[in-house]
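Everything on this sheet refers to the single structure shown next.
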Amino acid sequence: MDTMGPKAEFMRTSPWQILGGYKYVILLPFLVKAIQSNYYGGTDIDNWCSHMILLCLLRLLQQGLWMCFSRILCITKKYEIHTEGFSFEQIDREFHSDDHIILQALITTAAHVWLPGFRQLPVWNTHGMVTLLLLHMGPAEFVYYWLHRALHSEFMFRNYHSLHHASVHTEPGTNGVATLLEHLLYAGVMAVAMAGPIFTGGASICMVYLYFLGFDFMKNMIHCNTEIIPSALFKKFPLLKYFLITPSYHSLHHTEGHLNYCLFMPLYDHLCGTVNEKSEALYSRMRKGREEQVPEFVFLAHCVDLLSALHVSFAFRQVAANPYRGNWYLWPWLVLVFPIMCAMWAWGKVFLVYKYTLDKFRCQTWVVPRFGFHYFIPVGQNNINKLIESAILDAHRIGVKVISLAALNKNETLNGGGVLFTKKHPNLRVRVVHGNTLTAACILKGIPDDVTEVFLTGATSKLGRAIALYLIRRHIRVLMLTSSLERFEAIRNEAPKNQQQYLIRVTKYQGGKIARHASSALFTWIMGKRISNKDQLMAPSGTYFHQFVVPEIPTIRKDCTYGKLAAMRLPIRVKGISTCEYACERGVVHACHAGGLVHTLEGWTHHEVGSIDVDRIDQVWEAATKYGFEAVY
């Protein structure tokens with residue numbers, strides 16, 4: 001679009017966009033008036049402000065519900081129109097997709113103040129509702145059709161309408177993406193329909209609610225990227241195709257441009273010869289349903305805690321598109337998360353939550369419906385293993401090549417790092433991978449060359465063992481925090497005789513005070529186990545915390561440096577990612593996730609379960625870097 005020349009700046013952005021997420025302070029006077037009306041009695045305008053506040057909340061709620069629906073892939077995948085996924089750029093561009101709600105509240109309130117027929121409204125007026133419907137189907141749809149065609153003229157498209165069409169693959173949030181000029185024009189279209197009831201005395205409170213919510217419903221529906229209109233409806237009422245738009249019909253307008261201009265009624269496209277000839281074929285194909293797209297790679301994740309459960313795209317896409325933070329505005333939603341968690345605990349099954357592509361490979365993230373604390377309840381561990389096993393067997397059945405287990409899904413005490421499943425099912429075609437080899441490599445490659453001593457917790461775990469045995473090859477002394485002499489000796493006996501001297505067992509956190517660099521006053525602690533705040537205070541000033549413990553240790557020391565969980569930046573060839581993984585930046589995934597991807601890309605045919613093969617750490621690291629993965633520290 002930019003090659004056509006500079007864009008006009010007149011009326012492109014809403015004035016309140018400079019407020020960012022705080023733009024709804026614009027409606028603060030409405031809230032004050034609403035409170036005055038409800039508690040102290042008020043004038044007609046006070047009551048009106050109460051309705052405007054409620055209407056705005058209902059419109060936001062409806063948009064959120066549509067967004068939730070369209071992104072629950074386990075429900076929509078069969079009728080999904082475009083399967084390519086979305087990008088972070090689209091999410092950012094659509095941040096202000098609710099601007100029209102504020103604007104229309106202001107315009108409608110101005111009309112309420114200035115137009116006598118729009119004051120002192122009754123709750124219901126049948127004559128007014130019929131008038132509104134007829135005027136919308138006639139003049140409003142007609143005006144919108146020609147307005148939309150005008151917006152596709154060279155000047156208007158380049159300077160204004162191209163913003164909306166930048167989202168080729170739509171979702172409900174796309175419906176509100178437009179310039180200020182377009183929002184004003186669309187408000188004018190709605191005014192055409194509402195003018196009749198207003199000037200004939202038929203306006204009512206219900207008319208306002210039903211028209212705005214109904215208008216939003218249709219706009220959200222046609223942008224939802226899911227063909228939800230049943231074909232039986234058109235078979236029973238053939239003429240309905242002229243009066244009811246479908247999501248696939250509008251999707252062609254976004255993918256192929258200058259056809260299918262209508263608002264909600266294709267009648268005007270048919271009358272003016274602007275129907276895309278592919279419309280009916282696409283609709284029929286979508287309603288038959290897509291065949292299941294088998295991924296080559298699956299990452300089997302789990303929930304971490306109640307608050308982070310909201311960090312999913314079908315809850316809050318803007319929140320999920322940024323690194324997870326336990327922001328204050330998420331806390332009130334816990335009243336919904338808790339009963340959902342209980343329901344998932346009782347009846348939940350593994351479900352699809354994300355998908356993306358890397359080169360020719362289709363990749364998906366499935367989620368075990370369990371939270372972090374569930375994994376430490378002994379009576380529930382058998383049930384968790386059954387869920388993981390069912391996911392592995394499903395992957396085996398449909399032809400997945402590699403399934404990688406996240407964090408607690410490969411817990412050693414739970415299933416021995418996946419060994420339980422490969423022993424029970426020796427003929428699995430899908431390769432089960434814990435990804436810990438690349439996790440170990442990320443941690444080890446992040447340790448500076450001048451380090452001569454490290455303090456290691458979680459030292460006798462499979463990951464801790466591999467880190468310790470690798471470091472002593474570099475003649476680095478490893479202070480292994482463990483209360484088990486037996487497990488320490490078992491690891492020590494794996495090391496060559498001339499390297500065993502570098503493994504030292506310590507039983508208290510005070511032992512970490514001597515793990516400093518050779519050429520500085522810095523200390524290196526590698527954390528593979530949860531640590532209390534009290535024990536964390538044992539770390540000397542200047543300590544650098546490397547981590548492979550989930551969740552991350554709390555940041556309580558300003559005099560120390562906290563490394564991120566072992567993670568890798570995905571190659572730029574990845575397409576369709578618009579969500580940040582837990583505790584990761586954009587385009588970054590946990591190292592165990594990346595490890596499964598590397599396993600897939602390399603075409604390795606072995607399982608990677610149980611203990612880590614220390615000799616393969618460098619090989620896996622080199623393979624990851626060859627494909628463009630970059631460690632993030």
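Numbers below:
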{"item": "Verdict on Gly128 being among the small types (Gly, Ala, Ser), touching a His at 6+ places or on another chain (Cβ under 9 Å) and open to solvent by less than 60 Å² (accessible area, probe 1.4 Å)", "result": "no"}
{"item": "Which listed residue, of Val379, Val353, is in a helix (DSSP H, G or I) and either among the aliphatic types (A, V, I, L, M) or open to solvent by less than 20 Å² (accessible area, probe 1.4 Å) (or both)", "result": "Val379"}
{"item": "Meets criteria (farther than 25 Å from His82 by Cβ and touching a residue at least 24 places away in the same chain (Cβ under 8 Å)) for Phe212", "result": "yes"}
{"item": "Segment 553-569, subset touching a strand residue (DSSP E or B) at 6+ places or on another chain (Cβ under 6 Å) and part of a loop (DSSP other than H, G, I, E, B), residue most open to solvent (accessible area, probe 1.4 Å)", "result": "Thr555"}
{"item": "Those residues of segment 405-433 which are assigned to a loop (DSSP other than H, G, I, E, B), of a type in the set (A, V, I, L, M) and open to solvent by 20 Å² or more (accessible area, probe 1.4 Å), in sequence order", "result": "none"}
{"item": "Pairs with Cβ under 6 Å, 6+ apart, first in segment 118-137 and in contact (Cβ under 8 Å) with a residue 12 or more places away in the chain, second open to solvent by 80 Å² or more (accessible area, probe 1.4 Å)", "result": "none"}
{"item": "Among residues of segment 470-487, those that are closer than 19 Å to Val549 by Cβ and out of contact with any Leu (no Cβ under 6 Å at 6 or more places or on another chain), counted", "result": "7"}
{"item": "Qualifying positions in segment 95-120 - surrounded by 13 or more Cβ atoms within 10 Å (Cβ to Cβ), over 42 Å from the mean Cα position of the chain (by Cα) and outside any helix (DSSP H, G or I)", "result": "Leu115, Arg119"}
{"item": "Residues being within 20 Å of Gly595 (Cα to Cα) and touching a residue at least 40 places away in the same chain (Cβ under 8 Å) - total across segment 381-405", "result": "11"}
{"item": "Members of segment 324-350 that are open to solvent by less than 40 Å² (accessible area, probe 1.4 Å), under 28 Å from His434 (Cα atoms) and under 16 Å from the mean Cα position of the chain (by Cα)", "result": "Tyr324"}
{"item": "Residues that are open to solvent by 30 Å² or more (accessible area, probe 1.4 Å), under 30 Å from Val294 (Cα atoms) and among the basic types (Lys, Arg), drawn from segment 60-94", "result": "Lys77, Lys78"}
{"item": "Criterion violated by Cys363 - all others in (1) under 19 Å from Leu420 (Cα atoms); (2) open to solvent by less than 10 Å² (accessible area, probe 1.4 Å) satisfied", "result": "(1)"}
{"item": "Subset of segment 273-331 [in a loop (DSSP other than H, G, I, E, B) and of a type in the set (Phe, Trp, Tyr)]", "result": "Phe314, Phe316, Tyr324"}
{"item": "Selected residue (only one of Pro266, Pro247, Pro230 is open to solvent by less than 10 Å² (accessible area, probe 1.4 Å) and under 21 Å from Arg71 (Cα atoms))", "result": "Pro247"}
{"item": "Cβ-Cβ under 6 Å pairs, at least 6 apart or on other chains, segment 605-620 side over 10 Å from His434 (Cα atoms), far side part of a loop (DSSP other than H, G, I, E, B) and among the small types (Gly, Ala, Ser)", "result": "none"}
{"item": "Unique match (being under 17 Å from Ser404 (Cβ atoms), crowded, with 18+ Cβ neighbours inside 10 Å and more than 24 Å from the chain's Cα centre (by Cα)) among Val609, Val598, Val589", "result": "Val609"}
{"item": "Neighbours by Cβ (under 6 Å, 6+ apart or cross-chain): first from segment 448-476, among the basic types (Lys, Arg); second outside any strand (DSSP E or B) and open to solvent by less than 30 Å² (accessible area, probe 1.4 Å)", "result": "Lys462/Gly417; Lys462/Ile612; Arg465/Ile491"}
{"item": "Candidates Gly138, Gly64, Gly85, Gly128 - the one that is closer than 28 Å to Thr357 by Cβ and in a helix (DSSP H, G or I)", "result": "Gly64"}
{"item": "Count of residues meeting criterion [open to solvent by less than 60 Å² (accessible area, probe 1.4 Å) and in contact (Cβ under 8 Å) with a residue 12 or more places away in the chain] in segment 27-50", "result": "10"}
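Matching residues to (1) polar (S, T, N, Q); (2) free of Cβ contacts under 8 Å to residues at least 60 places away in the same chain; (3) in contact with a helix residue (DSSP H, G or I) (Cβ under 8 Å, 6 or more places away or on another chain):
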site: Met527; (1), (2), (3): no, no, no
site: Met538; (1), (2), (3): no, yes, yes
site: Ser541; (1), (2), (3): yes, yes, no
site: His546; (1), (2), (3): no, no, yes
site: Val550; (1), (2), (3): no, no, yes
site: Ile553; (1), (2), (3): no, yes, yes
site: Gly563; (1), (2), (3): no, no, no
site: Ala567; (1), (2), (3): no, no, yes
site: Arg573; (1), (2), (3): no, no, no
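The values are calculated or read from the model by the stated rules, or taken from the named source; none is laboratory data. Keep in mind that what you see is a predicted model, and the values were worked out from it rather than measured. Cβ coordinates were reconstructed from backbone atoms using ideal geometry, including for glycine residues, and neighbour counts include every protein chain displayed. All accessible areas refer to the heavy atoms of the entire protein, side chains included, with ligands and DNA or RNA removed. Shrake-Rupley method; radii C 1.70, N 1.55, O 1.52, S 1.80 Å.
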